[in-house]
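What follows draws every value from the coordinates through simple rules; no lab data is involved. None of these values were measured; they are calculated from a predicted model. Note that we place each Cβ from the backbone using ideal geometry, even for glycine, and neighbour counts take in every protein chain shown.
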Amino acid sequence: MNLQQNEEIKQLYLEMYSKLFDYAFSFLKNESLAEEAVQNTFQIACQKPEKVCNSPNPQGWLVITLKNVISNTVKSRETSTRILTEYYKLRVREIQESTDPEALDILYHDLTNMEEYQLVKGMAIDGKSYLELAKERNISVEACRKRMQRAREFLQGKIKK
Amino acid sequence: MKYSIKSFFRGVVALCLICILFTPNVAFAAVKPPVEPQASDYLSTYYGYVSKSGNTIQPVFGVSGTGMMENIGAYSIYLYESRDGTNYTLVKTFNYESYSNMMAHNTSSYASYMSYSGNANYTYKAYICVFAGRNGGGDARYFWGYQV
Amino acid sequence: MPSIPDRKNQKLSRFDPMSDEELRAFLQLDASKPEGEASDMEEVLYVMELLSVRRKEKGESRDPYQAFEEFKAHYAPEGSFPEIAPAKPKIHFRWNRVVAIAATLALLLGMIMTVGASKFDFFQIIAKWTKETFYTGKAISGNQMEAEPDITSDFPYAELQSILFEQNVMERIVPTWVPEGFEQQEFTSYELPQCKDYHAYHHRGEEELNFEVKEWFVEVPLQVERSSSLLEVYTLEGIDYYIFENNEELQVVWVSNEFECVISGDISLLEAKQMIDSIKKD
């Protein structure tokens, strides 16, 4: 991004932030997720400065981008919810079928304390944003995204087809 | 993202080979009859055990992936201790979030060990979870690693 | 003369008397539209503006400046929206550069003087170091052993064979042939309590080939993933090589004294046997 694009995007941000927030909140009904959707939209704008700055309607470009971000947010949460639900059922089944008494302790322990489960649950069920989850863990948003990816991989790996 | 989810979770597959030699200084690998075949697109082989040196207890793990993995290693290790060799108590939990040497990235295999200050007179075992994943998919296995 | 109604204003002014809930419902409906269904951007932007004005009037508007600070801290790509820092005196920068250049020259001079006394050419040493670094793959501090590869060998697992020879291991366990096209990408070794673990990874396009050797000093079971019963037991010079399938890959497992070995990857049964045959061949 050159300095001019920097300044343009910053001005767009200050002008459009609240409006985009309202748009996102109207659908997501969650302040943290709406906030995050808006931030992600401007993150995309920073990655494609020529597209937004050269657009005949930069405000409209932002709204369309936000729509896509919201759609991806919803899909991601739905996937996380599905993974979590299946994983929960699997663990319960394993507990019921396990003949190793010590493994029972571990399985219960995992279900309540396992970081992967808690991370995906934080998104899917508690409706937390990446920023909130990152702050809870004292890590960056990007690191949180990567942990979420690993957590979903891990839980998916455990699900029986 | 491409997902490939093919895993069977009824238990742990144990398949080892027996080769008995009569040379005193040579150790050998043990064979146990296979319990149930499990396949994986991510995991190739893995192992785990607990090594003891005086009061230092070292749960060890090794994982090989079917190829280059974005994430490979141990997700968690639960270390158990017993005074009588029969009844065990959970004494330490290691997880990859807190121990950077439990998980490696962008490599095809990984092995490492943890350290715990225990008691030379006690017996230990570890419940280990190994993992390998890439491209949005992965596999994990839980199994017991015994003191050697 | 009566004025002609402004059609645009009429179209948009219908939103003016709507409640906040109705306006949000309109936005929600727009956000729900499937991909490909165009929005009336004029209307959407007008409704957004309307809500924004109402929020300000109620004193409920969100602070965009605070949000922007949060954006810079957590979301903005690194280096964007830089803070303008005072320029450093040029003379200090020059000093840094001078010191860096001098240090590099001193190091190079020291290296040249050191190796000049030896029979080795300086540039050969650099090449060897570079190849060693490449061969040893990722450095994992504390556990990884340093390998000294035989850079003159054409054998696919030369590093591993070299390590075993250095340890006076006369066991023939390393294949000297891999299917054509496979190139080594990684070699790693791990020194663990009671075990040494070696792993070499080859690839050929998207096809992968792994060779693992575990040197055990204790009895530990190795878990091997497989999707089928035993395909075949291939016996060669008294060693049984157990061949399985792991989904679409082949797994070959065998034991030779304290060494437990595995070949796994995208190879055919014939290629697996050829690799096994190459272990015993000179």
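Worth a mention:
- Scaling the Cα radius of gyration of segment B:68-109 by the globular reference 2.2 N^0.38 Å produces a ratio of 1.55.
- Pair-distance distribution of segment B:97-148: all C-alpha pairs, bin width 5 Å, starting at 0; shares per bin in whole percent are 4, 13, 22, 24, 17, 10, 5, 3, 1, 0.
- The calculated FRET efficiency for A:S55 paired with B:N135, based on their beta-carbon distance and R0 = 51 Å, is about 0.95.
- Exposure proxy for C:L12, C:L29: other Cβ atoms within 10 Å of each Cβ, ordered fewest to most, give C:L29, C:L12.
- Residue exposure sequence - A:C46, C:C261 - by fewest surrounding Cβ within 10 Å: A:C46, C:C261
- The residue list C:V218, C:H199, C:N257 was ranked by how far each Cα lies along the charge dipole of segment C:156-282 toward its positive end, using unit charges on Cβ atoms, and C:N257 comes out on top.
- Size of charge dipole - segment C:223-267 - debye, nearest 20, with Cβ of Lys, Arg +1 and Asp, Glu -1, no other charges: 80
- Among the listed pairs C:K11/C:K58; A:K128/C:K33; A:K19/C:K58; A:K158/C:K196; A:K67/C:K58; A:K75/A:K121, those beyond 18 Å (Cα-Cα): C:K11/C:K58; A:K128/C:K33; A:K158/C:K196; A:K67/C:K58
- Residue order, fewest to most surrounding Cβ atoms within 10 angstrom, among B:S112, C:S13, B:S100, B:S76: B:S100, C:S13, B:S112, B:S76
- Remark: segment A:10-69 carries a charge dipole of roughly 180 debye about the Cα centre, counting +1 on each Lys and Arg Cβ and -1 on each Asp and Glu Cβ.
- Applying 1/(1 + (r/R0)^6) with r as the Cβ-Cβ distance of A:Q11 and A:R137 and R0 = 51 angstrom yields a FRET efficiency of 0.90.
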